[in-house]
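Peer 1: Take this structure first; my questions come after.
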Ligand code: NAD
Ligand code: UGA
């Protein structure tokens, strides 16, 4: 007899769908895992030698299981029919039209997926929310899924907590796997079935089960708390610059308090990435829709502080370079929103480069992985160019501005860079990753964040 709840499909082959399903396939050789997407180019890339996303360790896992029990396809209907467990990992961007524009989540991709499941399903299925969704989304999904005259779809929430750049390591060794479901016999059975998928490699005590709504909200809450720490330290970086306190020393001192902890206290150009801003604004919108204005205002401030940090960084560049950037050449080191990823979604470098370009500076951006996104993110700005070679980018430049903490930037020959630049040569270390004393000895005029 066919075993229950064995085969898996994931709708959405993006940053989440691809890596999570590769990890599941890698630890469940007896389960077939099919990842599907409407984007054919993306699926073709997953099936090629060049993955559609850069993520350390990803190639190895995919190549190990692809064609064995891991498959990438555009045949969404077949994948839905063939599987028992459907993960939905489609994008849920901020809505940019109508009510809630700029804040609410745009759930059109999610809803389209739910309707499609109802249309093509041929038996009962477990439907797993992998995307990050507003609390109580499952209710709406169940409403659509319950229209089926014959089959039952049990909805679970299983948010993903991996961070880009460390996705494979995070999947291998997660702090926790969260599964939310209804506390009914069917709900509990579905939770158990999904827990079994993870239990092949995640210790049992790290598989946490909750009710559906707690699980949905916990994902938004985790991102809001993480982002809040960054805005908190960035707010203090502004005060440090005036008072001669050093933000790194302050971060270390407070982080040694075991109640605070050392992680996520690194100051910089503000948080980027596809999720922090989107998820906090979504939390803000939900609070506002329930009439919780004070709660909404509290969380909105985390995003406002992030924007302020980016404006402040540009203000510092302008002030230090004698209040004019017109026709000065600036080398921007880093376009990805963090190191070890090619992702530039909401990268601080986008807003910062735009502000610098408005000052009519001549800008050359260099990045080891993300240059392919510059044009789509910035549009056709005549005064912005790119170069894969940092030495080339900095040639004849008046300043280097470091925006991403790539190891490659730490390893550069700064004497060589300095020699090729116009003097005085400025260096703005927006990530505080370089040896500032050494740079000053070379001759750079160095500015760091919060120092
Ligand atoms: P993404 O844009 O990289 O991938 C989403 C994919 O879904 C796209 O390839 C798109 O073509 C596909 N898609 C959209 N509608 C579809 C449909 N109807 N049928 C089939 N495919 C469809 O997005 P992502 O970064 O993978 O994020 C997906 C979700 O995961 C979001 O809700 C996000 O908040 C959440 N999340 C992302 C991360 C991350 O690190 N990127 C981490 C945790 C959670
Ligand atoms: C974040 C969360 O860390 C993940 O747990 C979550 O799953 C994910 O969002 C999501 O929901 O998409 P990610 O955005 O990939 O992951 O990367 P982070 O490492 O969290 O970095 C986010 C931004 O904060 C980056 O721009 C990074 O440079 C910045 N950051 C991070 C700081 O400025 N300081 C820090 O101390 C840490």
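The values are calculated or read from the model by the stated rules, or taken from the named source; none is laboratory data. The structure displayed is predicted, hence computed values, not measured ones. Cβ: placed from backbone, ideal geometry, glycine included. Neighbour counts: every protein chain shown.
Peer 1: Taking residue 233 as meeting all but one of (1) in contact with a strand residue (DSSP E or B) (Cβ under 6 Å, 6 or more places away or on another chain); (2) within 12 Å of ligand 2 (Cβ to nearest atom), write down the number of the exception.
Peer 2: Result: residue 233 fails condition (1) only.
Peer 1: Shifting gears a bit: Scan segment 39-75 residue by residue and report those that are under 22 Å from residue 132 (Cα atoms), near ligand 1 (Cβ under 9 Å from one of its atoms) and touching a helix residue (DSSP H, G or I) at 6+ places or on another chain (Cβ under 7 Å).
Peer 2: 52, 53
Peer 1: Is at least one residue of segment 84-103 modelled with pLDDT of 95 or more and surrounded by fewer than 18 Cβ atoms within 10 Å (Cβ to Cβ)?
Peer 2: No: segment 84-103 contains no residue that is modelled with pLDDT of 95 or more and surrounded by fewer than 18 Cβ atoms within 10 Å (Cβ to Cβ).
Peer 1: Within segment 254-271, can one find any residue that is more than 16 Å from ligand 1 (Cβ to nearest atom), farther than 25 Å from residue 89 by Cβ and part of a helix (DSSP H, G or I)? Lay out the reasoning, then the answer.
Peer 2: In the first step, residues of segment 254-271 are kept if they are more than 16 Å from ligand 1 (Cβ to nearest atom); the result is 254-263, 265-270.
Within this subset, residues satisfying the condition of being farther than 25 Å from residue 89 by Cβ are 254-263, 265-270.
From what's left, part of a helix (DSSP H, G or I): 254-255.
There is at least one residue in segment 254-271 that is more than 16 Å from ligand 1 (Cβ to nearest atom), farther than 25 Å from residue 89 by Cβ and part of a helix (DSSP H, G or I).
Peer 1: Got at least one residue in segment 239-246 being over 23 Å from residue 401 (Cβ atoms) and either touching a strand residue (DSSP E or B) at 6+ places or on another chain (Cβ under 9 Å) or in a helix (DSSP H, G or I) (or both)?
Peer 2: Yes - at least one qualifying residue is present in segment 239-246.
Peer 1: Go over the candidates 138, 169 one by one and state the one that is away from ligand 2 (no atom under 16 Å from the Cβ), assigned to a helix (DSSP H, G or I) and either surrounded by fewer than 16 Cβ atoms within 10 Å (Cβ to Cβ) or at negative phi (or both).
Peer 2: Just one listed residue meets the conditions, 138.
Peer 1: Right, another one. Among what's in segment 403-444 and is free of Cβ contacts under 8 Å to residues at least 12 places away in the same chain and assigned to a helix (DSSP H, G or I), pick the residue that is nearest to residue 361 (Cα to Cα).
Peer 2: Checking each candidate, the answer is 419.
Peer 1: Would you mind finding the one in 69, 47 that is in the same structural domain as residue 191 (by TED's automatic domain parsing), without any contact (Cβ under 8 Å) to a residue 60 or more places away in the chain and under 24 Å from the mean Cα position of the chain (by Cα)?
Peer 2: So the residue among 69, 47 that is in the same structural domain as residue 191 (by TED's automatic domain parsing), without any contact (Cβ under 8 Å) to a residue 60 or more places away in the chain and under 24 Å from the mean Cα position of the chain (by Cα) is 47.
Peer 1: Regarding residue 239, is this residue crowded, with 18+ Cβ neighbours inside 10 Å and at pLDDT 95 or above?
Peer 2: Answer is no for this residue.
Peer 1: Mind checking which residues of segment 372-402 are over 28 Å from residue 419 (Cβ atoms), surrounded by 12 or more Cβ atoms within 10 Å (Cβ to Cβ) and free of Cβ contacts under 8 Å to residues at least 24 places away in the same chain?
Peer 2: 375, the sole residue that qualifies.
Peer 1: May I ask you to list the residues in segment 14-34 that are more than 14 Å from residue 130 (Cβ to Cβ) and either free of Cβ contacts under 8 Å to residues at least 60 places away in the same chain or within 16 Å of ligand 2 (Cβ to nearest atom) (or both)?
Peer 2: Selection gives 25, 26, 29, 30, 32, 34.
Peer 1: Is it fair to say residue 258 is in the same structural domain as residue 269 (by TED's automatic domain parsing) and in contact with a helix residue (DSSP H, G or I) (Cβ under 7 Å, 6 or more places away or on another chain)? Let's see the steps before the verdict.
Peer 2: Working: in the same structural domain as residue 269 (by TED's automatic domain parsing): yes; in contact with a helix residue (DSSP H, G or I) (Cβ under 7 Å, 6 or more places away or on another chain): no.
It is false that residue 258 is in the same structural domain as residue 269 (by TED's automatic domain parsing) and in contact with a helix residue (DSSP H, G or I) (Cβ under 7 Å, 6 or more places away or on another chain).
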